[in-house]
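Here, each number is a calculation from the coordinates, and none is a lab measurement. All values derive from a computational prediction rather than experimental measurement. Here the Cβ positions follow ideal geometry from the backbone for every residue, glycine too, while neighbour counts run over all protein chains shown.
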Amino acid sequence: MKTIKWILTGAVLLTIFAMGCTPGDPEQTALTITQPEGSDALQRYVAMGNSLTAGYMDSGLIMNGQMSSYPFQIAMQLGYSFDSSTDDWFAQPLLAWPGVGTTSLSDEDYAAGMLHFNGAGVSVVDSTLLTQVPALALASAYLSPYNNLGVPGATTLDVTEALDSSTSQSPGNSYFDLILRNPTFGNVNMLNQGISRAPTLVSLWIGNNDVLGGATGGDPVIGENVTPPAAFAAMFEGIVAGLLDGVQARFGYTPHIVAGNIPSITSIPFFIPKAMFDGIVGGAYPTVEVDVAYVVFPALGAVQGGFTDPLPTNWTLTTAEVAAVEGAVDGYNSAIDALATEYSFTVADMHTELGSIAPPENTHFLFLLQSMTPAEAAATTLFSLDGVHPNNRGYTRAANVFIGAINTELGLTGADAVPEAADDETWDPTYPSPMPPPGLAALTR
């Protein structure tokens, strides 16, 4: 990593004030801060966003996914360390086995871990008493805000408004407690925690949940469970302006920003085309709604498990509903493009990237098992078992889109360019061992 030039011309400021000097005195020390440009801007990297930034996969957050998160893979290419005992560790809120997931359990005193393939289907790998969940947070005693501040479930509003689970837009999102760790840092939101790390480079990928919340529930309504594009644009501008102004005010320079845009909901296997769904279940399955375009993934498990009623509205998306959601996504992306021009940042085009992924890479693992072994299916798909989030290999694809945007933002070419992450990540959906990967000592330092 490169070093930013902090040039002091004289004694330190503290000494000046102790001597009683005033700004008009000829002995006044001047502090010259060089605006980070080019490779100098790679020194301090911070990531902000939602579950896609956090490394969430298989319906949970756990070290296995976090160590493949796209920010972590970027950080490795920038020269950060994966070893938490070193000073250049890329700090993440690492969670131990069995992770913390969002699958509903019959016993509300427990939190589900991630999903895994048990040889016959998908189930929760294990669960943890709610009172014991904080013990899973291996880096909770880390003395600064994390470099990776991605919070699963975070919306655009949450970046500036959420302090903890009691203030998140979706009530009770405990990931804010685990990741922001307030009031340790003075009840500071994601944006201001990021600013406090004095970043020279920031990746921002937010807005996915502003549409997914309504779409995955099957009944999206603009202004109710889907953020209107105009509101998104105003909030996104507030984040970008707040980040630039906040770092400038505290540290005297402005950070470089790369921002991911929003993919189409039709590019992820959670939404199954109705014709494909009918082919899997063996006939035209009845639905409450007419003109159904997509069926959500949980409906398939229900039908294969014996459900026989017509699919309710919360399990289907009509052509009109899809058009409304896609219109919102287009509005978000138009706003991001306009703001990128206004505030001079670079867009990581995740909309195009995910839209370009074709079968079998965008096919759900369980569907691939019809013609592949589990090992072959795991090595083929880019998506995890929840059908929404990438697996380890999928996060490599995202990392490289952001790395391309970083090189563009900083004008890095040839030998100076940040190299792409190697496509050597593996995904084992069976999770055969609860042991964490090596090199992660002293997480409580």
Query raised in the report: In whole Å, what is the distance between the alpha-carbon centres of the range 242-272 and the range 287-364?
Result: 20
Report task. Starting from the amide H of TYR294, placed 1.01 Å from N in the peptide plane, find each other amide H under 5 Å away whose residue is 5 or more places distant or on another chain. Result -> LYS274, LEU317
**Report entry** For the range 388-393, 3J(HN,Hα) per residue [Karplus equation, 6.51 cos²θ - 1.76 cosθ + 1.60, θ = phi - 60°, Hz, x = Gly/Pro]
**Finding:** 10, 9, x, 8, 4, 5
Query raised in the report: Under a point-charge model restricted to the Cβ atoms of Lys and Arg (+1) and Asp and Glu (-1), what is the dipole moment magnitude of the chain relative to its Cα centre, in debye to the nearest 20?
Result: 860
Requested in this report: May I ask for the angle, rounded to the nearest 10°, between helix 319-343 and the longest principal axis of the chain, with both axes built from Cα atoms and the value confined to 0 to 90°?
Outcome: 10
Query raised in the report: In sequence order, what are the phi-derived ³J(HN,Hα) couplings for the range 372-381 according to the Karplus relation 6.51 cos²θ - 1.76 cosθ + 1.60 with θ = phi - 60°, rounded to whole Hz, with x for glycine and proline?
Result: 10, 6, x, 5, 5, 5, 5, 7, 9, 6
Report task. Rounded to the nearest 500, what is the 222 nm mean residue ellipticity of the chain from helices alone, with -39500 (n - 2.57) per DSSP H run of 4+ residues and division by all residues? Result -> -10000 deg cm²/dmol
Query raised in the report: Which order results if THR381, THR308, THR102 are arranged by neighbouring Cβ count within 10 Å, fewest first?
Result: THR308, THR102, THR381
Requested in this report: Can you find, among ALA120, GLY218, PRO273, the residue farthest towards the positive end of the dipole of the chain? Put +1 on the C-beta of Lys and Arg, -1 on that of Asp and Glu.
Outcome: ALA120
Query raised in the report: Taking N as the number of residues in the range 105-209, what is its alpha-carbon radius of gyration divided by 2.2 N^0.38 Å?
Result: 1.20
Query raised in the report: Which distance in nm do the two modelled labels at LEU143 and SER344 give, with both placed 7 Å along the Cα-to-Cβ direction?
Result: 3.6
Query - Cβ-based net charge around VAL288, under 14 Å, with every Lys or Arg adding one and every Asp or Glu removing one - result: -4
Requested in this report: Kindly rank 261-267, 282-288, 36-42, 393-399 from highest to lowest mean number of other beta carbons found within 10 Å of each residue.
Outcome: 393-399, 261-267, 36-42, 282-288
Query - Karplus-derived 3J(HN,Hα), 6.51/-1.76/1.60, for each residue of the range 150-158, Hz, glycine and proline x - result: x, 10, x, x, 5, 9, 4, 4, 5
Report summary line: Simple spin-label estimate for GLU326/GLU361, 7 Å along Cα→Cβ, in nm, reads 2.1
Report task. May I ask for the net charge around ASN173, where only other residues with Cβ less than 13 Å from the Cβ of ASN173 are counted and Lys, Arg are +1 while Asp, Glu are -1? Result -> -4
Query raised in the report: Can you list the residues, at least 5 places off or on another chain, whose amide H is less than 5 Å from the amide H of GLY207, using H built in the peptide plane?
Result: THR156
Query raised in the report: GNM on the chain, C-alpha springs below 10 Å: top fluctuator among LEU369, LEU149, LEU163?
Result: LEU369
Query raised in the report: Is the shape of the range 321-372 rounded, prolate or oblate, going by the alpha carbon gyration tensor and its root eigenvalues a ≥ b ≥ c, with a/c under 1.5 for rounded and a/b larger than b/c for prolate?
Result: oblate
Requested in this report: With a ≥ b ≥ c taken as the square roots of the eigenvalues of the C-alpha gyration tensor of the range 317-445, please select rounded if a/c is under 1.5 and otherwise prolate if a/b is larger than b/c or oblate if it is not?
Outcome: oblate
Query raised in the report: Given H placed 1.01 Å from N in the peptide plane, which residues other than close sequence neighbours of SER127 have an amide H under 5 Å from its amide H?
Result: GLY113
Query - ASP278 versus THR430: modelled label distance in nm, points set 7 Å from Cα along the beta carbon direction - result: 3.7
Query raised in the report: Cα axis of helix 229-251 to longest principal axis of the chain: angle in degrees, 0 to 90, nearest 10?
Result: 30
Report summary line: the chain, Gaussian network, Cα under 10 Å: of ASP291, ASP219, ASP386, the residue fluctuating most is ASP291
